[in-house]
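Working notes for the structure below.
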Amino acid sequence: MNNKTNRIDIELNDSISEGTYANLAMIAHSSSEFVLDFIQLMPGVPKAKVKSRIIITPEHAKKFSSALLDNISKYEKKYSEIKDFDEIPKFPIDSDPSNPQ
């Protein structure tokens, strides 16, 4: 019996390793795929940009969800509970400081 584990050599180039900041995610799905859009909202700017789109199979979406929940649990045990919020953070549409909203 072969006890060797399968090994995948994963390459991470410099531009990808820098990462992309996103503070909003939107998820859509069809019968064959999940589409995850990672978005960056900027205060005072009424338009947001999708910074990255990831398309995965339903099976991988379920594995991703499970892995994310596992990592959140480990994070909360090490640091503290992540506070949840019920709504999208509100950013002022008008960034003119003389016109508070």
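A few points about this structure:
- Residues within the range 69-87 that are part of a helix (DSSP H, G or I) and not aromatic (Phe, Trp, Tyr), tallied: 9
- Among the candidates Ser15, Ser31, Ser98, the residue that is at pLDDT 95 or above and among the polar types (S, T, N, Q) is uniquely Ser31.
- Within the range 59-87, the set of residues being among the β-branched types (Val, Ile, Thr) and more than 18 Å from Leu36 (Cβ to Cβ) comprises Ile82 only.
- You will find that of Ala28, Ala22, the residue that is in contact (Cβ under 8 Å) with a residue 24 or more places away in the chain, of a type in the set (A, V, I, L, M) and in contact with a strand residue (DSSP E or B) (Cβ under 7 Å, 6 or more places away or on another chain) is Ala22 and no other.
- Whichever residue in the range 48-68 is at pLDDT 95 or above and either part of a strand (DSSP E or B) or surrounded by fewer than 10 Cβ atoms within 10 Å (Cβ to Cβ) (or both) and, among such residues, is farthest from the chain's Cα centre (by Cα): Glu59
- Here the condition is being in a loop (DSSP other than H, G, I, E, B), surrounded by 11 or more Cβ atoms within 10 Å (Cβ to Cβ) and touching a residue at least 12 places away in the same chain (Cβ under 8 Å); of Val45, Val35, it holds for Val45 alone.
- Residues (within 17 Å of Pro58 (Cβ to Cβ), out of contact with any Ser or Thr (no Cβ under 8 Å at 6 or more places or on another chain) and either among the basic types (Lys, Arg) or in a loop (DSSP other than H, G, I, E, B) (or both)) located in the range 5-32: Ser30, Ser31
The values are calculated or read from the model by the stated rules, or taken from the named source; none is laboratory data. Treat the numbers as computed from the prediction; the structure is a model and nothing was measured. FYI the Cβ positions are ideal-geometry reconstructions off the backbone, even for glycines, and counts take in every protein chain you see.
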